[in-house]
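Working notes, structure below.
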Amino acid sequence: MSYRTEEVAYVQPAQPAASAQATQQKRSTAEYRALDAAHHIHPFSDMGSLNRSGSRVIVKAQGVYLWDSDDNKIIDGMAGLWCVNVGYGRKELADAAYRQMQELPFYNTFFKTTHPPVIELSALLAELAPEPFNHFFYCNSGSEGNDTVLRIVHQYWATQGKHSKKFVISRKNGYHGSTIAGGTLGGMGYMHEQMPSKVENIVHIDQPYFFGEAEGNLTPEEFALARAQQLEAKILEIGADNVAAFIGEPFQGAGGVIFPASTYWPEIQRICRKYDILLVADEVIGGFGRTGEWFAHQHFGFEPDLITLAKGLTSGYVPMGAVGLHDRVAKAIIENGDFNHGLTYSGHPVAAAVAVANLKLLRDDKIIDRVKTDTGPYFQKKLRDTFANHPIIGEISGAGLVAGLQLAEDPKARKRFANGGEVGTICRDFCFNGNLIMRATGDRMLLSPPLVINKLEIDEIVSKAKKAVDATAQQLGIS
Ligand SMILES: *Cc1c(COP(=O)(O)O)cnc(C)c1O
């Protein structure tokens, strides 16, 4: 028997039924956990400890709710990982994927070819993004988006004949993904420590984290201005002729929903223009409605040269990332020969079709409008009213449907807890046990629910968060 016959004989019988069954098979929580522990390495996890305690198994979702394998109904205060903007279970997106998989599941966009979904998506993004953004490059994630940003930035300066402009300035406690370039751009110390070799010519300035880092009697506005001016100092130190770009999240997401005061971004923009440096807004979380604007840079009132997109682009239903290019950058890239970068799945037809359905839903159902005028202001006020003068809440940051709650030992003195992160973990565990998904970054508790959330569901999140914070204070013996 030849190898070939054997293979066919093995594969053929009852194969479709068996595989359908395998994906549908329901197991007990204990079985899921055992198999997960035996074979699955999770991202950003201490696997030894996770395997001993066991993961929560999420089996289905609808709207803003998740269900685990023990049939607990959990309210998702994080929209998955900041991405499920239209909420779970939207048939429009599932239908778009199904139709596209039948019509044209894949074709590449490398060799003088294109396809309808990527064309529709690009035209739609140009319509929805601010005026100067008319060109988009696609990838599969935010990390790849920021890798792409570096390629575009260097190509741009090469086309301008400014070959010495090689340095990119980023911020400590920024997050730009977990590829090697993304991790190097980001300012998470523990990620840097893990990687002995990094992308060259990336340097960091301090973050605009008022509650944790402002000294003396500076107002938030004065502090933000001083932090922005670190960019100028860094440029002068390196030499403007050597600096290619500055990158930042309009508000830091993973870093703790840190919202800079209004003085920050205009000053950053002034400095970038003065020294002829490209300004990159990493909109992976801020994009597609989180603050109530389509893009977070619109909320803060500045105009970047490049925007990184992912997460909300497809509401997380399938992976996709993108980079938007300002006309002046696009022109230089388009008119100067080969751009030597691409991913097999750049502009993947299924992802593009889902993105189009998602963006139309955000627009036509007026989901983002509602965040801006209705649910966003309601959420922000509710949080601020509920936690006013709370003994362990030092600050509430945010706009639209994203918020950070600073846990603090002495809120009035802006004194944080010693052993940063311990108290956040306690609070997160109370949330978890109360069937609320809320994330902790150090001692900041984060919320970023699906943008379709209604007021009743907002009330539920805030009251569950209050219970968890109260229980945390009680455990610490603070009242
Ligand atoms: C999540 C995130 C990324 C990375 O996106 P991935 O899809 O996880 O690669 C980049 N930048 C920001 C601001 C993010 O929040």
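The values are calculated or read from the model by the stated rules, or taken from the named source; none is laboratory data. Quantities reported herein were computed from a predicted structural model and do not represent experimental measurements. Heads up, the Cβs are rebuilt from the backbone with ideal geometry, glycines too, and the neighbour counts pull from every protein chain shown.
What the table shows:
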quantity	calculated
Positions within the stretch 446-479 being of a type in the set (Ser, Thr, Tyr) and modelled with pLDDT of 95 or more, in sequence order	Ser448, Ser463, Thr472
Checklist (1) crowded, with 24+ Cβ neighbours inside 10 Å; (2) within 14 Å of the ligand (Cβ to nearest atom); (3) more than 15 Å from Gln252 (Cα to Cα) applied to Arg171, failing item	(3)
Given (1) within 16 Å of the ligand (Cβ to nearest atom); (2) part of a loop (DSSP other than H, G, I, E, B); (3) under 19 Å from Gly337 (Cβ atoms), index of the condition Val84 fails	(3)
Residue match in the stretch 272-279 (condition: surrounded by fewer than 24 Cβ atoms within 10 Å (Cβ to Cβ) and either closer than 15 Å to Asn358 by Cβ or within 14 Å of the ligand (Cβ to nearest atom) (or both))	no
Of all residues in the stretch 277-304 being touching a residue at least 60 places away in the same chain (Cβ under 8 Å) and acidic (Asp, Glu), the one that is farthest from Ser164 (Cα to Cα)	Glu293
Qualifying residue in the stretch 107-122 (condition: β-branched (Val, Ile, Thr), crowded, with 16+ Cβ neighbours inside 10 Å and assigned to a loop (DSSP other than H, G, I, E, B))	yes
Filter result (touching a residue at least 12 places away in the same chain (Cβ under 8 Å) and over 25 Å from Ala181 (Cα atoms)) within the stretch 117-160	Pro117, Val118, Glu120, Leu121, Ser122, Leu124, Leu125, Leu128, Ala129, Pro130, Pro132, Asn134
Scan of the stretch 323-340 for residues that are within 16 Å of the ligand (Cβ to nearest atom) and out of contact with any helix residue (DSSP H, G or I) (no Cβ under 6 Å at 6 or more places or on another chain), ordered by number	Gly324
Odd one out for Val469 among (1) crowded, with 20+ Cβ neighbours inside 10 Å; (2) part of a helix (DSSP H, G or I); (3) touching a Phe, Trp or Tyr at 6+ places or on another chain (Cβ under 6 Å)	(3)
Number of positions in the stretch 232-263 that are away from the ligand (no atom under 16 Å from the Cβ) and crowded, with 24+ Cβ neighbours inside 10 Å	1
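A quick yes/no check of all residues on (1) closer than 13 Å to Ile458 by Cβ; (2) not hydrophobic (A, V, I, L, M, F, W, C):
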| residue | (1), (2) |
| --- | --- |
| Pro349 | no, yes |
| Lys360 | no, yes |
| Ile368 | no, no |
| Asp385 | yes, yes |
| His390 | no, yes |
| Gly400 | yes, yes |
| Leu407 | no, no |
| Pro411 | no, yes |
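This table checks each residue for (1) touching a residue at least 60 places away in the same chain (Cβ under 8 Å); (2) surrounded by fewer than 23 Cβ atoms within 10 Å (Cβ to Cβ).
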residue: Val318; (1), (2): yes, yes
residue: Ile333; (1), (2): yes, yes
residue: Gly337; (1), (2): no, yes
residue: Gly342; (1), (2): yes, yes
residue: Gly347; (1), (2): yes, no
residue: Lys360; (1), (2): yes, yes
residue: Asp369; (1), (2): no, yes
residue: Asn389; (1), (2): no, yes
residue: Leu405; (1), (2): yes, no
